[in-house]
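The values are calculated or read from the model by the stated rules, or taken from the named source; none is laboratory data. These numbers were taken from a predicted model, which means no experiment stands behind them. Positions of Cβ are backbone-derived with ideal geometry, glycine not excepted, and every protein chain shown enters the neighbour counts. The protein model used for the area step is the full one, side chains on, heavy atoms only, and it has no ligands, DNA or RNA in it. Shrake-Rupley method; radii C 1.70, N 1.55, O 1.52, S 1.80 Å.
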Amino acid sequence: MKKKFKVDVDCANCAAKMETAIAKLEGVNEVSMNFMTQKLTIDADDERFDEIMQSAIACCKKVDADSTIYLS
Amino acid sequence: MTRKEKKKLTRILATGAIFAALLMMRRTAAFDALPRAVQFVLFLIPYLIIGYDVIAKAGRNIRNGNVFDENFLMMIATFGAFAIGEYAEAVAVMLFYQTGELFQDYAVGKSRASIAEMMNIVPEYANLEKDGNLSQVDPEDVRPGDIIVIRAGERVPLDGTVLAGESFLDTAALTGESVPRRVRPGDDVISGCINGANVLRVEVKKPYEDSTVARILELVENAGSRKARVENFITRFARYYTPVVTFFAIGLAVIPPLVLGGGWSVFAAWLKRACIFLIVSCPCALVISVPLGFFGGIGSASRIGVLVKGSNFLEAVSQVRTVVFDKTGTVTKGQFRVREIVPEKGAGCGEEELLRLAAEAEAFSNHPAAAAIREAAEAGVPETGTAGIGASKTGAPEFGTPKFAAEDVREIAGQGICAGAGGHTLWLGNRKLMEAQNIQYTPCAEAGTIVYIAKDRTYLGHIRIDDEIKETAADAVAAMKRAGVSRTVMLTGDTEKTAQRIASAAGIDEVHAELLPGDKVARVEKLLAEKAQGDKLAFVGDGINDAPVLTRADVGIAMGSLGSDAAIEAADIVLMDDDLNKIASVIRIGRKTMRIVKENIVFALGVKGIVLVLGALGAANMWEAVFADVGVAVLAVLNSMRALRAD
């Protein structure tokens, strides 16, 4: 399943780091964090999608505590 | 400016004022007389006002195991400055850093806004007609086959066909073309355009997710994921650069004092040099400005109605030296018109009859010539309602063959078609077909596409169909040459003569005519092999039947593709309308973007390199280091913003 989320990330370098971190999560097929459009596109396993999103948020918080992913 | 930015600006101004006052006070003897601790506290006040968030962030990130974070580097560098007694420098570094950040945020926000504005083609609602009632619904809830109503001034929400109403559509947001497009019942309308004049009733053809608007947005949003070589280089570079410089900084702070010995003052001097390294170690200038440059380039291309699918293609198009054109629909208008119907004398078949026969046989073909014949037959021969092509009113001999079904018609690649039913066979095609079938025919020497028609063994006559060269073709080719294209080639399945005529009118250097569809790929591969290394080849087609070639070329450019899925899929660059001039424009945009990106890389690395060397030698101070970090970043971002502006 592929889904798009709005994000709030302040620095381009952080966005790149988040992308790398999320890509390493298990169950994530494809991820792209677009700093310019402030959009996160995740393609991940259907059954575990919510769980994966939680880990993805944790990844982003770890890179930059001020970042936000808007789940809705 | 956002609230966040305004708050930061206030902090910067407050700190700046306090800091300036302190610097002035420092010149007085009274200040010197103050104990060091008091001086420290005085400078600590502006430092904390400007830097508290950086320190807090650095602290949080360390807890998360993120050491090489720019906040952390700034914190260490300024702490280091305090440690060696450079209070003013510590405040200045933080102040400059924050000012730079503010500039950066502002510049990025600005370019983000202008891109969002450019992409402001999303329809908000559709007026769905159901049982005679209109209701406003989300375009995503409308299904193909539904009827929608578009009022004047509203955006077309979905792709469809006009059922009723005549109007003008403003396509500027999609194509950059300012002349409105006229639509009538039967015409297709494309989502994203604005209805100019009258109410239109439209039957929806595609669900929202397949509509032109949705596809364009997806293309632009995903453009970032296809990175140019330079971009990948910067990403990799950034990954190593920061840790390497940081380790050098640690080495600089620790090793020389240990080797050289000496007390606190020696250590302090080296610590200062280490701090300079730390400040310069952030790769932000590159990490932000390079993608921003590409984004701006892609954005300014989309403003003129050119979709570039990724920065890698913008990079490739900047190196294009060979442009290969498909003829039909690219160099020419692709609007074939029947110019002449010439029945063979003595064959006993009239003009009308010949045209009707041809139209019947070509009923299933998607060749442009077939469409022209069908169009002419519809316009010229009134509908009689009689079935079959034998219903001759002229009293000519019976050419009766029942109406063809799709399976009766066979295409002969590169020659034409043959349609058989009721024991008769109709042959329609070029000379090659006539010769292959051993049919006696009268060759026509006029320019254009000639369709020879024979029934069984009897030659009936020919229909001459011609296409017009685009008015802009010659100018566009000249503009491409000015933009650095050194070789232009035209490929066509048409005859040598027609091809030569068109090519010379357009100023195209080379022609390869009478090619079968499959030959085009082979021809392009040959051209690819011939070009110099580092140069790129672009293929320009209208997306009909040339998807394999579009894919094979370094840069596949599809034009006039509003609504053509196959072309958008196969091409790397999509021209929303069919204006050839835009090819030169996109080459120029590519060049400009690459130049900006390279300027930024050379400038940023150059300044950082110089400051690192001077810093290691003890010849640079912290002010210069701050410039090499945020100053360079701001300048690079400002430079990148130029890519957004179309020239």
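With Kirkwood's inverse mean 1/r over C-alpha pairs for Rh, give me the Rg to Rh ratio of the range A:2-70, two decimals please.
0.92
Just counting partner chain Cβ atoms within 10 Å, what average do the residues of peptide A:27-33 show around their Cβ?
Partner Cβ neighbours, averaged per residue: 1.
Using a 1.4 angstrom probe on the protein heavy atoms only, line up B:146, B:326 by accessible area, largest first.
Reading off the accessible areas and sorting them downward yields B:146, B:326.
Please calculate the 1.4 Å probe accessible area of residue B:424, with all protein chains present, and give it to the nearest 10 Å².
Near enough 60 Å² of accessible area.
Consider a paramagnetic label point 7 Å from the Cα of residue B:198 along Cα→Cβ; state which residues of the range B:162-180 have an amide N under 19 Å from it.
Of the residues in the range B:162-180, B:162-171, B:180 have backbone N under 19 Å from the label point off residue B:198.
For the protein assembly as shown, treating each Cα as an identical point scatterer without solvent, what Debye log10 I(q)/I(0) comes out at q = 0.09 1/Å?
Taking Cα atoms of the protein assembly as shown as identical point scatterers yields -0.91.
Heavy atoms only, probe 1.4 angstrom, no DNA, RNA or ligands counted: give me B:250, B:150 ranked by accessible area, highest first.
The most accessible residue leads, giving B:250, B:150.
Could you work out how far apart the two model spin labels at residue B:638 and residue B:187 are, taking each label as a point 7 Å from the Cα in the direction of the beta carbon, and quote it in nm?
With each label point 7 Å from Cα toward Cβ, the separation is 4.7 nm.
Among DSSP bridges having both ends in chain B, what percentage is antiparallel? Round to the nearest 5.
Bridges in chain B that DSSP calls antiparallel: roughly 75 percent.
Report, in deg cm²/dmol and to the nearest 500, the calculated mean residue ellipticity at 222 nm for chain B, where each DSSP H run with n ≥ 4 adds -39500 (n - 2.57) and the sum is divided by the residue count.
-16500 deg cm²/dmol
Pairs of alpha-carbon atoms within less than 8 angstrom and 6+ residues apart define the contacts here; what relative contact order does the range A:2-70 have, in percent?
Computed over the range A:2-70, the figure is 41 percent.
Could you work out the Kirkwood radius for chain B, taking every pair of different alpha carbons, averaging 1/r and inverting it, reported in Å?
Kirkwood radius, chain B: 29.7 Å.
Where in the range B:123-147 does the amide nitrogen come within less than 20 Å of the point 7 Å from the Cα of residue B:209, taken along Cα to Cβ?
Inside the label zone: B:123-126, B:137-146.
Lone cysteines in chain A, defined as no other cysteine's Cβ under 4.7 Å from theirs: which are they?
Unpaired cysteines in chain A: A:59, A:60.
Which of the listed residues, B:148, B:417, B:460, is farthest toward the dipole's positive end in chain B, when Lys, Arg count +1 and Asp, Glu count -1 at the beta-carbon?
Positive-end residue among those listed: B:148.
Taking 0.36 nm per residue of sequence separation and subtracting the Cα-Cα distance, how much length would be gained by fully extending the chain between residue B:3 and residue B:595, in nm to one decimal?
209.7 nm
Return a whole-number percent for the relative contact order of chain B, with Cα pairs under 8 Å and 6 or more residues apart as the contact set.
It rounds to 15 percent for chain B.
In the neighborhood of residue B:133, defined by Cβ-to-Cβ distances under 15 Å, what is the net charge if each Lys or Arg adds +1 and each Asp or Glu adds -1?
It works out to a net charge of -1.
Any idea what angle helix B:473-482 forms with the longest principal axis of chain B, computed on alpha-carbon atoms, 0 to 90 degrees, nearest 10?
30
I'd like to check one number: the per residue accessible area of chain B, probe 1.4 Å, reported in Å² as a whole number.
I get 44 Å² per residue for chain B.
Compare the peptides B:347-360, B:182-195, B:428-441 by average per-residue count of other Cβ atoms within 10 angstrom and give them in order, highest first.
Order by mean packing, descending: B:347-360, B:182-195, B:428-441.
Give me a single rounded figure for B:284-294: the average over its residues of other chain Cβ atoms within 10 Å of their Cβ.
If you average over the peptide's residues, the count of other-chain Cβ atoms is 3.
Is there a simple number for the mean count of other chain Cβ atoms within 10 Å of the Cβ of residues in A:14-21, and what is it?
The shielding value for this peptide is 3.
Roughly how many Å² is the accessible area per residue of the range A:2-70, as a whole number, for a 1.4 Å probe?
Accessible area per residue: 47 Å².
Any chance you could give the angle, 0 to 90 degrees and rounded to 10, that helix B:368-380 forms with the longest Cα principal axis of chain B?
Compared with the principal axis, the helix lies near 50 degrees.
Determine the alpha carbon to alpha carbon distance for each of A:39/B:272; B:227/B:592; A:6/B:227 and list only those over 29 Å.
Flagged as over cut-off: A:39/B:272.
Roughly how much accessible area, to the nearest 100 Å², goes out of reach of solvent when A and B pair up, both sides summed, probe 1.4 Å?
Approximately 1900 Å² gets buried when A meets B.
All other residues with a Cβ under 15 Å from the Cβ of residue B:42 taken together, and with Lys, Arg as +1 and Asp, Glu as -1, what is their net charge?
Summing Lys and Arg as +1 and Asp and Glu as -1 gives 0.
Take every DSSP beta bridge with both residues inside the protein assembly as shown and express the antiparallel ones as a percent of the total, to the nearest 5.
Roughly 80 percent of the beta bridges in the protein assembly as shown run antiparallel, per DSSP.
If R₀ is 51 angstrom, what is the calculated FRET efficiency for the pair residue B:486 and residue B:442, using the beta carbon separation as r and rounding to 0.05?
0.75
Roughly speaking, to the nearest percent, how much of chain B's 1.4 Å accessible area is carbon and sulfur?
Within chain B, the accessible surface is 56 percent carbon and sulfur.
At a 1.4 Å probe radius, carbon and sulfur cover how many percent of the accessible area of the range A:2-70?
47
Lys and Arg at +1, Asp and Glu at -1: add these up for the other residues within a Cβ distance under 15 Å of residue B:326 and post the number.
Cβ neighbours under 15 Å give a net charge of -2.
If a paramagnetic tag sat 7 Å from the Cα of residue B:37 along the Cα-Cβ line, which residues of the range B:258-292 would have the backbone N under 16 Å from that point?
Inside the label zone: nothing.
Round to the nearest 10 and report in Å² the accessible area of residue B:582, as given by a 1.4 Å probe over the protein chains' heavy atoms.
20
Using +1 at the C-beta of Lys and Arg and -1 at the C-beta of Asp and Glu, which of A:70, A:9, A:27 has the Cα lying farthest in the positive direction of the dipole of the range A:2-70?
A:9
So which residues of the range B:61-106 lose at least 30 Å² of accessible area, probe 1.4 Å, when you go from the chain by itself to every protein chain present?
So the qualifying set is B:61, B:64, B:66.
Rounded to the nearest 10 degrees, what's the angle between the helix A:12-23 long axis and the longest principal axis of chain A, both from Cα atoms, 0 to 90?
20
I'd like the accessible area for residue B:527: 1.4 Å probe, protein heavy atoms, all chains in place, Å² to the nearest 10.
About 0 Å², ignoring ligands and nucleic acids.
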